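Structure first, then comments.
Read-outs: derived from the displayed coordinates by stated rules, not from any lab. What you see is a predicted model, and the numbers here were worked out from it, not measured in a lab. Cβ: placed from backbone, ideal geometry, glycine included. Neighbour counts: every protein chain shown.
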Amino acid sequence: MIDQLSSGLALLYSQQENAVEQFRTFCGPYDPEIAKKLEPKTLRAKYGVDRVLNGVHCTDMAEDGPLEVHFIFDTLLS
C-alpha cells in the first residue's frame, strides 16, 4: 500500500467546507469500471485500471484527512 500511495503525485485539496465530499465526487466511484459507466468524466473513470489501481486515492472520511496529510506530506515526503 505504501508503494502504491507513494508512486504518484501527492495532492492536498482543502477548502473551508465539504472538501472531502467534493474531492470524492471529483474522483468518482471506487471501481473504475463502475466509474466509466456512471461518471465517465471522473479521475477514476479516466485513469483507473482496476479496483486496486483505481487511479487516485482520496480519504473516505473527513476525520481521516489530517492523518493522511500528515502521513504523506510529513512522513513519506520528508
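Assorted remarks:
- Efficiency of FRET from Cβ geometry, Thr75 and Phe26, R₀ 25 Å, rounded to 0.05: 0.50
- Taking 7 Å steps out from each Cα toward its Cβ at His57 and Leu38 produces label points 2.3 nm apart.
- Rotationally averaged projected area of the range 17-78 (alpha carbon convex hull; nm²): 4.6 nm²
- Amide N of the range 57-78 lying under 16 Å from the label point, which is placed 7 angstrom from the Cα of Val49 along Cα→Cβ: 57
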